[in-house]
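In what follows, a structure is listed as structure tokens, so that the remarks can point back to it.
The values are calculated or read from the model by the stated rules, or taken from the named source; none is laboratory data. Owing to the predicted nature of the structure, the values given are computational and were not obtained by experimental measurement. Ideal geometry is used to build each Cβ from the backbone, glycine not excepted, and the neighbour counts take in all protein chains shown.
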Amino acid sequence: MRVILAPMEGVVDHLMRDLLSAINPYDLMVTEFIRIVDQLLPEKVFLRMCPELAHGGYTQSGTPVRIQLLGQNPQWMAENAQRAIELGSHGVDANFGCPAKMVNRSKGGAVLLQEPEQIYRIVKAMRQAVPAEHPVTAKIRLGYNDKALFMENALAIYEAGANELAVHARSKVDGYRPPAYWEYITEIRQRLPIPIIANGEIWNREDALRCMAQTGCDSVMVGRGAITLPNLAAHIKDDQSPYDWPQTLALLLEYTRQQQRQPRQDYFPGRIKQWFSYLNRQYPQADVLFRELRVHKTTKAIVDTLLNAT
């Protein structure tokens, strides 16, 4: 069984990866996407998004990290994939699943699921640019407006030479509403000879085991569940008891301390509030505390509120 941390834009930054890898046996973590348009990006962009590159591409706890790229131009996706590998990324991933309107308007992310041939060209170019010993992977949804092209997109990625494929079992228009349509992953896994990673509606160990039983996959990718239940990977792989609220609050305070050491702290209020919005699902106490936090706009006010809650 493998458990992989999904690339959640605006949520799972390097501090969150360090925090979660310290308490979980993740097999791999994927970065937030790096947007590729019409140039080879400088090294500093990769290092800003993935500081782990300065340490061999591993978190402080030793979990490998893979850079994800998002773009529509095969040449530039290929050149930036090569740079990611040269800098130490453990493989490189292509994003064909992001549902954000701004991204889709510029022909990135899930909108490309309407164009299997373009997906093929992008992945093929990346595979040709990256040495064979380094994996080239992709993440897709089941479609854009509907699921009609789910198999064509999966086949395009496989035929382009990808080593494995992560499938979020919803279309773009499904958003994040339940259910996740795991039966489509089953069809893809039965058709493709490369490893398939199942993603969608995995909130606990029972969900993961049901998903693997239904799809036949031995790998799952967790996203929102990973920040809703901070020790989710340990819960799934080792049957560890879910963290209680005091343990989770201690993690929040550690994340806060780490954020305060960063050169820019203006991201912190938004990110900690976003984390709380997910914690509400698992912990009633989080909802109560979130009602206090959400009116604050400064780091100091939020830190003081968290400290008072302990």
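Laid out as a table, the results:
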| quantity | calculated |
| --- | --- |
| Out of 41, 53, sole residue that is in a loop (DSSP other than H, G, I, E, B), crowded, with 18+ Cβ neighbours inside 10 Å and in the same structural domain as residue 135 (by TED's automatic domain parsing) | 41 |
| Residue ID - farthest from residue 128 (Cα to Cα), chosen from residues in the range 152-163 that are in contact with a Pro (Cβ under 6 Å, 6 or more places away or on another chain) and crowded, with 21+ Cβ neighbours inside 10 Å | 153 |
| Residue among 272, 227, 236 that alone is assigned to a helix (DSSP H, G or I) and in contact with a strand residue (DSSP E or B) (Cβ under 6 Å, 6 or more places away or on another chain) | 236 |
| Subset tally (residues that are touching a Leu at 6+ places or on another chain (Cβ under 8 Å) and in a strand (DSSP E or B)) for the range 4-38 | 8 |
| Test: residue in the range 187-194 that is under 30 Å from residue 86 (Cα atoms) and within 22 Å of the chain's Cα centre (by Cα) | yes |
| Condition broken by residue 281, with the remaining ones in (1) within 24 Å of the chain's Cα centre (by Cα); (2) part of a helix (DSSP H, G or I); (3) not aliphatic (A, V, I, L, M) satisfied | (2) |
| Selected residue (criterion: surrounded by the most Cβ atoms within 10 Å (Cβ to Cβ)) from residues of the range 81-130 that are among the polar types (S, T, N, Q) and at pLDDT below 95 | 104 |
| Residue tally, condition hydroxyl-bearing (Ser, Thr, Tyr) and part of a helix (DSSP H, G or I), over the range 125-158 | 1 |
| Scope the range 163-185; condition farther than 15 Å from residue 211 by Cβ, under 18 Å from the mean Cα position of the chain (by Cα) and hydrophobic (A, V, I, L, M, F, W, C); matching residues | 165 |
